[in-house]
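Data first, discussion second: the structure below is written as structure tokens.
The values are calculated or read from the model by the stated rules, or taken from the named source; none is laboratory data. Predicted, not measured: the structure shown is a model, and the values here were computed from it. Positions of Cβ are generated from backbone atoms using ideal geometry, with glycine treated the same way; all protein chains shown enter the neighbour counts.
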Amino acid sequence: MRKINKFFTILALVLILASMGLSVVRAERSVGPKVYVFYFEGRAINEGLASAVLSALDRAESENALLVLILDTPGGELAATEKIIRAFLNSKVPVVGFVYPKGAAAWSAGTLILISCHIAAMAPGTMIGAAQPITYGAEGFQPLNYSKIINPIVEMAETVSRERGRNQTAARLFVQRNLTLNDEEALRSNVIDLVAENVGDLLMKIDGMEVKVAGEVVKINTKGFTVEKYEWSISDILSNALADPLLANLLLMLGFYILLLSLITGHYPIVAVGLLLFILGLMGLGFSINTISTLLIIVGVVLVVIEMVTPGFGIIGTTGIIMLALGFLLLPIYLPQTWFVGPEFFFRFIVAGIIIVVAGSAFFAFALYKIIKAKKAKPVIWSIIGAKGKALDDLGPGKEGFVMVEGEYWMAFSDEEIKAGEEVVVVGKVGPKLKVKKVSRK
């Protein structure tokens, strides 16, 4: 009898110790109730946005807070998407992806980011998918099917889905077949974890959920939560702005035009402004500046300037333009297939880019035409002396500038101080430049 009692006593102790061991294994840490909310707000995913997301994640980790991403994006750049996914896979706190508000979508790269989150959610009436890269050519928009590009993306999508316990087949079809799902379909297909009406509803539904983070079980605590919107730093804002292809192209074009016109007109202090805008544009577009292309561009600009100030048959200027074209062609840029965006966004991007280029080129061509006409016009000295016009720049001893005389632009100088806008009269001509003085008021 004693042996039986002893056996049951030992068995009870073993069970108690085992349960304690299980408790140790199941020991959890919790996050919350602080919640940081990061809004995509329709932005395309680029290096600037990725930098901001990583900054938000760092802050959440430092405060043991939950990070919620409000996903509403057309997609974006592959390298930036990979950076975000890699950070989420190694995160120390849970990350919740939420496609919101109603009518929003996390297309392409946005879908890959959503399935990489520890918890994936969608609002009613939202969409995900269409993650196949597209390119634009003479035949319009075409899906990109190069296995060298597609296969690594498929592998990444499947790996992330397997890590998060989600539907790997759907992840593969997002990329290979441009699969799209609404919130109900995504929930049924085990692509997302839940559907929520808004951020408050989302936080209530995930309260008490357990997720695996950095090899341990983490319990989410959102009771009495405090929500704080992540505010972008100045650095984040600048990085995101420069990474916008349209803005980068605009900066590049403005910088080039300002640089060229300032050299042609002799307004040398403005060269620095043009150079700054030009470099910022190159940085934003991801150009890799190499020695040959840079030299071609510089020499091309110099030759065009020489053509502007010397008479001839245009051979120098033509050579300069050819060198400029070659220089720009040799500057490698990120290819379209590294962008994962929907056709609608891509179409708007192409149209906006064309408008910017056409408008800018038209303005530049007009300005260049007027400058060339002013510099190369055959002077009719006796008819222009005594003609009146208006100073377009400040003139004075050692200070040259443009004047408008009889509808023509002329470089001019004066022995007296003349302010821009004042009326002038031509008193002489030296080479291609006019000598003017202020019209005396009686």
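From the list Gly255, Gly284, Gly320, which one is modelled with pLDDT of 75 or more and surrounded by 19 or more Cβ atoms within 10 Å (Cβ to Cβ)?
Unique residue meeting the criteria: Gly255.
Out of the residues in region 394-442 meeting the condition of being under 21 Å from Leu263 (Cα atoms) and among the β-branched types (Val, Ile, Thr), tell me which one is surrounded by the fewest Cβ atoms within 10 Å (Cβ to Cβ).
Val430
Take region 196-233 and flag every residue that is modelled with pLDDT of 95 or more and touching a Leu at 6+ places or on another chain (Cβ under 6 Å).
Result: Ala196, Lys205.
Which residues, taken from region 216-249, are farther than 23 Å from Ser91 by Cα and aliphatic (A, V, I, L, M)?
Those that are farther than 23 Å from Ser91 by Cα and aliphatic (A, V, I, L, M): Ile234, Ile237, Leu238, Ala241, Leu242, Ala243, Leu246, Leu247, Ala248.
Take Glu231 and decide whether it is assigned to a helix (DSSP H, G or I), assigned by TED's automatic domain parsing to the domain that holds Tyr146 and either of a type outside the set (Lys, Arg) or farther than 17 Å from Tyr100 by Cα (or both).
no
Report the residue count in region 168-204 for those that are touching a helix residue (DSSP H, G or I) at 6+ places or on another chain (Cβ under 7 Å) and touching a residue at least 60 places away in the same chain (Cβ under 8 Å).
The total comes to 6.
Can you confirm whether Ile115 is surrounded by fewer than 23 Cβ atoms within 10 Å (Cβ to Cβ), assigned by TED's automatic domain parsing to the domain that holds Leu194, over 16 Å from Ile134 (Cα atoms) and aliphatic (A, V, I, L, M)?
Considered against the rule, which asks whether it is surrounded by fewer than 23 Cβ atoms within 10 Å (Cβ to Cβ), assigned by TED's automatic domain parsing to the domain that holds Leu194, over 16 Å from Ile134 (Cα atoms) and aliphatic (A, V, I, L, M), Ile115 comes out as no.
Which helices (runs of 4 or more DSSP H) does region 90-197 wholly contain that include 1 or more residues that are more than 21 Å from Val53 (Cβ to Cβ)?
Helices (runs of 4 or more DSSP H) meeting the threshold: 147-164, 168-176, 183-188.
Table: residues versus (1) over 20 Å from Leu78 (Cβ atoms); (2) polar (S, T, N, Q); (3) touching a strand residue (DSSP E or B) at 6+ places or on another chain (Cβ under 9 Å).
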{"site": "Arg166", "(1), (2), (3)": "yes, no, yes"}
{"site": "Thr169", "(1), (2), (3)": "yes, yes, no"}
{"site": "Leu173", "(1), (2), (3)": "no, no, yes"}
{"site": "Glu184", "(1), (2), (3)": "yes, no, yes"}
{"site": "Ile206", "(1), (2), (3)": "yes, no, yes"}
{"site": "Lys223", "(1), (2), (3)": "yes, no, no"}
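Residue by residue through region 31-86, note down the ones that are among the small types (Gly, Ala, Ser) and touching a Lys or Arg at 6+ places or on another chain (Cβ under 6 Å).
Correct list: Ala50, Ala65.
Return the total of residues in region 48-94 being of a type in the set (A, V, I, L, M, F, W, C) and either closer than 24 Å to Pro152 by Cα or outside the structural domain of Ile113 (by TED's automatic domain parsing) (or both).
13
Within region 78-93, is there a residue that is closer than 22 Å to Met204 by Cα and of a type in the set (Gly, Ala, Ser)?
No - not one qualifying residue is present in region 78-93.
Out of the residues in region 159-184 that are of a type in the set (D, E, K, R) and buried (at least 17 other Cβ atoms within 10 Å of the Cβ), which is farthest from Gly97 (Cα to Cα)?
Arg172
For region 398-407, does any single residue satisfy the condition of being modelled with pLDDT of 90 or more, under 30 Å from Leu252 (Cα atoms) and touching a Lys or Arg at 6+ places or on another chain (Cβ under 6 Å)?
Yes, that holds for at least one residue.
Give the residues of region 100-117 that are hydroxyl-bearing (Ser, Thr, Tyr) and over 24 Å from Pro152 (Cα atoms), sorted by residue number.
Of everything in region 100-117, just one residue is hydroxyl-bearing (Ser, Thr, Tyr) and over 24 Å from Pro152 (Cα atoms), namely Tyr100.
Take the residues in region 50-68 that are part of a helix (DSSP H, G or I) and among the hydrophobic types (A, V, I, L, M, F, W, C), then tell me which one is nearest to the chain's Cα centre (by Cα).
Result: Ala50.
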